[in-house]
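None of the figures in this text is laboratory data; all of them are computed from the coordinates on show. Nothing here was measured: the structure is a model prediction, and the numbers come from that model. Cβ placement follows ideal geometry from the backbone for every residue including glycine, while neighbour counts extend to all protein chains displayed.
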Amino acid sequence: MDDKQLEYFENKLIEWKKQLLREAGVTLTDKLSQELTRQGDFGDLANIETDQNFTLRIRDRERKLINKIDACLKKIENRTYGQCDACGEEISVKRLDARPVAGMCISCKTEQEKHER
């Protein structure tokens with residue numbers, strides 16, 4: 001992968017991470033404000049609790065995604081970004097553009113998913 005492509009993906013990953021962190025900040029602020037204004041009947045409180053749990057599960061997935069983004073940024077730094085973790089072949093730019101944190105080429109990922117079933 002050439003320098004221009006690495007820079008493109010680095011910027012894309014950094015922007016994605018910033019967006020995720022902004023959303024996490026909003027969630028934390030919302031959660032704190034809801035804690036301060038908890039009122040209503042048991043049904044309302046149950047709905048609030050369910051919504052919060054759902055949101056926190058989403059944020060946990062995003063935390064894991066941020067870890068993947070950080071790993072990809074380190075790969076860019078080491079100039080190994082875009083290489084399949086399984087076979088070492090280059091991952092297509094089209095695939096990386098669609099899923100910048102992809103660690104495997106299509107062939108290896110397809111094979112992995114077959115074994116997971």
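List of remarks:
- Amide H contacts for Gln83 (H built 1.01 Å from N in the peptide plane; partners 5 or more residues away or on another chain; cut-off under 5 Å): Ile91.
- Set of lysines with alpha-carbon distance to Lys109 below 18 Å, sequence-local pairs under 8 removed: Lys68, Lys94
- Take each peptide in 60-68, 80-88, count the other Cβ atoms within 10 Å of every residue, and average; sorted highest first, the result is 80-88, 60-68.
- Rounded to the nearest 20, the Cβ-based charge dipole of the chain about its Cα centre (Lys and Arg +1, Asp and Glu -1) stands at 200 debye.
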